[in-house]
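Have a look at the structure below, then the notes.
Coordinate-derived values only; no laboratory data. Here the structure is a predicted model, which is why all the values come from computation and not from measurement. Neighbour counts run over all protein chains shown; Cβ positions are idealised from the backbone, glycine included.
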Amino acid sequence: MKWRRVAAGVAAGVCVFAGIVWIDNFRDGVDVSEARIAPATAEQVARGAYLARAGNCAACHTARGGQPYAGGRGIETPFGTVFASNLTPDATHGLGQWSPAQFWRALHHGRSRDGRLLYPAFPYTSTTLVTRADSDALLAYLQSLPPVAQATPPHTLRWPFSTQAALAVWRTLYFSPGAFQPDPAKPAAWNRGAYLVRGLGHCAACHSERNALGAMQDAPDLAGGLIPMQNWYAPSLALSAEAGVAHWPDAEVVRLLKTGIAAQGSATGPMAEVVLGSTQYLNDTDLTAMAAYLKTLATDAPAAPATRRPLPPPPPAQPPDAATAKLYEHHCADCHGARGEGIPGAYPALAGNRAVTMASPVNLVQIVLHGGFAPATQGNPRPFGMPPFMLVLNEHEIAALLTHIRTQWGNQAGAVSELDVLRVRADPRR
């Protein structure tokens with residue numbers, strides 16, 4: 001009968017797809033029986049310590065108040081919570097029995113020591129580009145740390161996202177192991193910068209739009225996106241209207257990554273944490289290489305996806321509302337100036353500030369609600385900051401104040417609504 005033929009065809013198709021998924025995920029060609037040929041050298045351990053800083057590994061693999069690299073920090077996702085693993089050399093709960101081949105398979109293929117598929121909260125979609133030599137050095141460093149006997153809590157993901165089968169299908173759709181291929185037409189510094197930004201630095205993990213299943217969208221490199229569960233917008237590094245640095249002097253890009261501040265802007269929110277825990281520790285050669293790569297990203301990227309608010313036409317020039325102008329005078333003018341001119345070296349100008357005029361007002365709302373602070377770095381140990389106004393201003397006042405800032409002193413950006421403020425104020429993790 002016809003329905004039987006259809007059912008048989010569907011069953012055959014499912015079997016073929018299952019075979020493709022199995023081959024794609026579980027036949028990676030890595031000989032995990034390979035053992036370390038020689039003990040790690042002091043130079044290799046030091047190199048691994050530097051690479052761990054470059055990858056900001058401690059940020060996820062250290063719970064608040066916990067031992068460094070002992071894991072246990074919950075990484076919240078739209079599908080539930082994934083807990084970061086213990087990277088210390090504890091034989092039971094950590095990396096004490098891992099071989100270099102097993103560790104490289106985790107970075108390159110996203111598979112654990114026992115062969116389980118790892119969740120992409122661990123950014124193997126980026127670390128797949130890490131070289132085997134760097135992987136070995138990173139493991140040598142982690143295995144030199146004091147062991148911490150701390151078990152990793154079980155993940156609390158919703159079904160079916162908690163299953164290996166669903167993860168295998170996701171990987172077949174969205175992940176392919178890769179290797180960094182230097183561009184022979186580019187100088188060595190550019191290639192080094194591309195390797196750090198796209199690989200171990202996993203910048204795309206934040207600076208990319210994601211689809212409903214959490215996969216990075218096909219879009220220009222580092223084109224920006226809302227960070228899931230954090231309600232911060234990681235601006236495009238390819239657009240001069242957002243966070244592109246194509247027209248910055250190299251020294252200012254290096255300064256921003258090393259100290260968290262530059263003449264053109266400062267790092268706040270999640271990026272401040274990256275500078276604090278990672279990029280401030282990189283040497284100037286690598287920071288200059290990263291600058292060389294970032295400065296060549298396209299500045300004429302296609303229009304933003306529909307999920308982002310388009311920049312509206314310039315509003316007609318109108319005198320500021322008296323009540324809103326009074327709000328600005330009372331809460332903002334002492335630091336940012338009566339005309340949004342700021343104080344050089346201390347408080348940023350608001351006039352002409354692209355962080356103010358970006359299409360998405362999310363980060364502005366976050367800063368007004370929760371405060372804004374650059375990281376405390378060796379080059380800027382006592383940064384100026386902005387206090388939170390969550391308990392001082394209501395949604396209507398914040399929306400009016402931000403609309404005022406985005407439309408005065410030559411700024412031409414869209415209004416901020418009370419709903420915009422409420423969306424940020426609401427905790428998406430409830």
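Here are the numbers for the structure shown:
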{"item": "Approximate spin-label separation Ser240-Arg113, in nm, with each point projected 7 Å along Cα-to-Cβ", "result": "5.2 nm"}
{"item": "Radius of gyration, Dmax [the stretch 111-177; alpha carbons; angstrom]", "result": "14.4, 39"}
{"item": "Computed magnitude of the charge dipole of the stretch 33-168 (debye, nearest 20; Cβ of K, R +1, Cβ of D, E -1)", "result": "180 debye"}
{"item": "Contact order normalised by residue count of the stretch 188-294, Cα under 8 Å, 6+ apart, percent", "result": "30 percent"}
{"item": "Nearest-0.05 FRET efficiency for Gln378 and Ala322, computed from C-beta distance (R0 35 Å)", "result": "0.15"}
{"item": "Pairs of alpha carbons in the stretch 58-136 whose separation is greater than 19 Å (percent)", "result": "37 percent"}
{"item": "At q = 0.19 Å⁻¹, base-10 log of I(q)/I(0) for the stretch 188-294 (Debye sum, equal scatterers on each alpha carbon)", "result": "-0.98"}
{"item": "Rh by Kirkwood over Cα pairs, then Stokes-Einstein D for the stretch 325-430 at 1.567 mPa s and 4 °C, µm²/s", "result": "91 µm²/s"}
{"item": "The stretch 188-294, dipole about Cα centre (Lys/Arg Cβ +1, Asp/Glu Cβ -1), debye to the nearest 20", "result": "120 debye"}
{"item": "Radius, Kirkwood style, for the stretch 96-218 when every pair of distinct Cα atoms is counted (Å)", "result": "16.1 Å"}
{"item": "For the stretch 130-180 and the stretch 353-408, distance of Cα centres in Å", "result": "35 Å"}
{"item": "Pairwise Cα inverse-distance average, inverted: Kirkwood Rh of the stretch 30-174 (Å)", "result": "15.6 Å"}
{"item": "Sites matching trypsin sites (Lys or Arg not before Pro) across the stretch 47-134 that sit in DSSP coil, with at most 16 neighbouring C-beta atoms within 10 Å", "result": "Arg64, Arg113, Arg116"}
{"item": "FRET efficiency, Ser162 to Ala185 (Cβ-Cβ, R0 41 Å, nearest 0.05)", "result": "0.35"}
{"item": "Förster radius 51 Å - calculated FRET efficiency between Cys335 and Gln217 (Cβ-Cβ, nearest 0.05)", "result": "0.85"}
